[in-house]
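Report on one structure; see the data block that follows.
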Amino acid sequence: MASVSPVVPVICSARTTPRTRRNHLSRSSKNVGSRKQKLSKNGGGLGNVVEVVQKDVEFIKAGFSKGLQWANRAFRVPEVSKKVEDLIWLRNVEDPNASFFQFPTWPQPYYPELSGVDLFMADLKALEVYAGYFYYLSKMWTKPLPETYDPEQVTEYFTLRPHIVALRLLEVFLAFVSATIKFRISRISSAADEDARENVSDYNFGIVLKETMLNLGPTFIKVGQSLSTRPDIIGYDISKALSELHDQIPPFGRVEAMKIIEEELGSQVETFFSHVSDEPVAAASFGQVYKASTHDGVDVAVKVQRPNLRHVVIRDIYILRIGLGLLQKVAKRKNDLRLYADELGKGFIGELDYNLEAANALEFTEAHSGYTFMSLPKVFRHLSKKRVLTMEWMVGDSPTDLISVSSQESKQKLLDMVNKGVEASLVQLLETGLMHADPHPGNLRYVSSGKIGFLDFGLLCRMEKKHQLAMLASIVHIVNGDWASLVHDLTEMDVIRPGTNIRRFTMDLEDALGDVEFNNGMPDVKFSRVLGKIWSLALKYHCRMPPYYVLVLRSLASLEGLAVAVDPTFKTFEAAYPYVVQKLLVDNSAATRRILHSVVFNRRREFQWHKLAAFLRVGATRKGLNSLVPSNTRTSLTQSTKEVAPEANLANLALRLLPSKNGLVLRRLLMTADGASLIRALVSNEASPFRQQLCKIIADILYNWMSQTLGKFLNLSPVMVSTGANEYEPILRDRRLRVILFKSLNSAKKDPVLLLRFCLSSFVLFFVASAMAFRRMLVFIAGAYSGRFSYNSEQIAVTA
């Protein structure tokens, strides 16, 4: 039998210290020494005291959180809190089939007589009335929260539950008080010098605000995400801190998520999916996404909504509505600020119905299926319900990933993604009128095939045609610095209210944007700056901000912010305007022609060559503009871009576009212009590249004709004959261009000097073209005849 050794207690005297204790004391002494060094460096002990207190608080919080986790498991706190929450919200008495009730009025006292019996009977009558009132009130408690956002029904619901609103207001108040205290402590513990404090102040405030919104739940997280895309309002540092809300949202438990999937789809998870990831791949404010595989082997993204979300979101929107109502009374604003809360509530509640999001995704995909640079995921309708949405898994890089890598390849990908994002925004704005309403970086992907992918279709914005054209005109007028026309565009967008002093608004806008410099016909300014100026004026004149207008500006400003992170010289106008140019050159509607006329013509409808040249110069930077010219001239046009000067290339583009099918808008523009101004533009110094290119065309045609004629007569090989002239012959043969020319000449007859200048320029042009053709012909003949008498070096034998 094995013997058991007795346990010998180890007794440490006051003088003998155990090894672990000695190590701990040595480490603590080192820490004290390092703290003293830091204290001497910082020049004071207040910062170190605050740091020690913060570390102690974090240690206590970590231990307290572990204790809470044990208590939650041991005492089943989540189940008990769920029952208490249902009791507080009175969900146990709610009846989905309850009919609509009118809110009762408070009963009035009933004392018709003063005798004892009558008074007693009156008291009984009053008691009956009060009992009926409270019975009717209890019946109203059975009415549940409406499925769709209705301000009146929401107000009625929370009027019966004032304790819910009061508790939430107390929670929000304490959260922001705590945030204020944290921010003040962070400022005290920051660097001693003022410059460093100012640099970190805004960012620290953004971090504290981000943590506060994370603690306050989904609605505040959603508001913070929206604010993070508006650096023009809250500042760059605060926007940078709040942008972390897109990636740092804590998920909820997997067991609860799988339970929601089973409740919505009506069966076990294994019935529909062969595999579901253990942890969510992304967590959003209203839900989280799991990567799964169907039994067919298709990778899908399963989006699961957070539990009990509708009550929480509507409660916060109701509180926001109350706050905006009080602000309206205090600030004495004319417009009803509560409408902003109502618009936000309708959008948020719409996002909670994943059936609506699935329908939006199908509609968005159908509207943009013809644009090959956009990638849109497929929706699995049989696996999508109200709280569960299943879509095709999209493989791609998020903007945050591309920025964090900071390699040259990732920078190129991000810039390409931003350019495609700007074009996608313009397509949605100007072509389809169906806009993605939440284009923050978390909903964008750069697919390996070079496409831009969109996620999250909970909100879509549908635009009217009038607003589309007004937005198109506003971009053109900003680029051209026409601020008076921009004010008219803002009026057409329903931004400027009726009765606003348009003259004063225009003067203030010119003062705000009059210092914008232009470089090569483009405003040398960031889009966010222009947006900030317009926004400040809108607040000053109590302008409206339609939802589509805010979405467009937020989308373009967000994309510009991503691009500036890797290319500080990026400008949204330079990326957007080429698409606008192509839109105006292709769309032959009366509205787009009116916009084009405002660019090229002055108020006397006189043609301005420099305006058209700048317009085409910007359009020539877009690859899609080459598709407007005939296919047989596209190759030579590409070659001319590389070999010819930019001015000659613009003339080349204009001459090839004029006789083509897509040149209808440009021909109608010239036909509408004042003929004398058109002739004056042709003989001006600015049109010199155009005349030079026209001279080369005539020389090519003459050389081609002489080469064919003399080649047959002199029995020369036709290999040397120019083929480029065939591309330009439609210009001289086109009857429509001749009509425009003769009309302009008839208008120029009133000015003999102008007509004489045109005739002289035409004579010089044909003389130079003929000289060029004769020279080339002589070179051709000399080369042909000299080739006949040349010797073949291989036939001559040289001996040593």
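Close amide H partners of residue 300, meaning residues 5 or more places away or on another chain with modelled amide H under 5 Å apart, are 292, 293, 294, 393. Extension gain, residue 738-residue 136: 0.36 nm per intervening residue step, less the Cα-Cα distance, totals 208.2 nm.
Computed from the C-beta positions of residue 106 and residue 464, the FRET efficiency with R₀ = 60 Å rounds to 0.80.
Each residue of the stretch 338-355 was assigned a 3J(HN,Hα) from its phi angle through the Karplus curve 6.51 cos²θ - 1.76 cosθ + 1.60 (θ = phi - 60°); the sequence is 5, 5, 5, 5, 5, 5, 5, x, 4, x, 5, 5, x, 5, 7, 9, 6, 5 Hz, with glycine and proline shown as x.
Taking the Cα centre of the stretch 307-357 as the origin and placing charges on Cβ (Lys, Arg +1; Asp, Glu -1), which of 326, 311, 352 is farthest toward the positive end of the dipole? Final value for the positive-end residue is 326. Computed from backbone phi with θ = phi - 60° and the Karplus coefficients 6.51, -1.76 and 1.60, the 3J(HN,Hα) list for the stretch 49-66 is 4, 5, 5, 5, 4, 4, 5, 5, 5, 5, 5, 5, 5, 5, x, 5, 5, 5 Hz; x is used for glycine and proline.
Between residue 188 and residue 510, the C-beta separation translates, for a Förster distance of 56 Å, into a calculated FRET efficiency of about 0.75. Seen from residue 299, the other residues with C-beta closer than 13 Å to its C-beta sum to a net charge of 0, counting Lys and Arg as +1 and Asp and Glu as -1.
Taking label positions 7 Å along the Cα-Cβ direction at both residue 779 and residue 255, the computed distance is 8.7 nm, reported to one decimal. Scalar couplings 3J(HN,Hα) for the stretch 771-778, obtained by applying the Karplus form with A = 6.51, B = -1.76, C = 1.60 to θ = phi - 60°, are 4, 5, 5, 5, 4, 5, 5, 5 Hz; x denotes Gly and Pro. First compute the accessible area of the stretch 397-572 with a 1.4 Å probe, then give the percent of it belonging to carbon and sulfur atoms. Carbon plus sulfur share of accessible area: 50 percent. Protection proxy ranking, highest mean first, for peptides 435-444, 258-267: 435-444, 258-267, where packing is the per-residue count of other beta-carbon atoms within 10 Å, averaged.
Relative contact order of the stretch 397-572: 25 percent, from C-alpha pairs under 8 Å at least 6 residues apart in sequence. Taking label points 7 Å from Cα along the Cα-to-Cβ direction, residue 447 and residue 544 give a separation of 3.8 nm.
So, counting K/R as plus one and D/E as minus one, what does the shell of residues with Cβ under 13 Å around residue 452 add up to? So the surrounding residues net to +1. Extension gain, residue 173-residue 529: 0.36 nm per intervening residue step, less the Cα-Cα distance, totals 124.8 nm.
Here the peptides 684-695, 466-477 are ranked by packing, the mean other Cβ count within 10 Å, and the order with the highest first is 466-477, 684-695. Per atom type, the stretch 113-176 shows carbon and sulfur on 72% of its accessible surface, probed at 1.4 Å. Of the cross-linked pairs 346/386; 66/259; 420/466, those separated by over 20 Å at the C-alpha level are 66/259; 420/466. A dipole drawn for the stretch 397-572 from +1 and -1 charges on Cβ atoms has a positive end, and of 534, 500, 484 the residue lying farthest that way is 500. Once both labels are positioned 7 Å from their Cα atoms along Cα-to-Cβ, the gap between residue 331 and residue 57 label points is 3.2 nm. Taking the Cα centre of the stretch 397-572 as origin and assigning +1 to Lys and Arg Cβ atoms and -1 to Asp and Glu Cβ atoms, the resulting dipole is close to 380 debye. Put simply, when 594-607, 572-585 are sorted by average Cβ atoms within 10 angstrom per residue, most first, you get 572-585, 594-607. With protein chains left intact and a 1.4 Å probe, residues in the stretch 397-572 average 40 Å² of accessible area per residue.
The values are calculated or read from the model by the stated rules, or taken from the named source; none is laboratory data. In this text the structure is predicted, and so the values were computed from the model without any measurement. In this analysis, Cβ positions are derived from the backbone assuming ideal geometry, glycine residues included, and neighbour counts consider all displayed protein chains. Please note that ligands, DNA and RNA were not included when accessible areas were found on the heavy atoms of the full protein model with its side chains. Shrake-Rupley method; radii C 1.70, N 1.55, O 1.52, S 1.80 Å.
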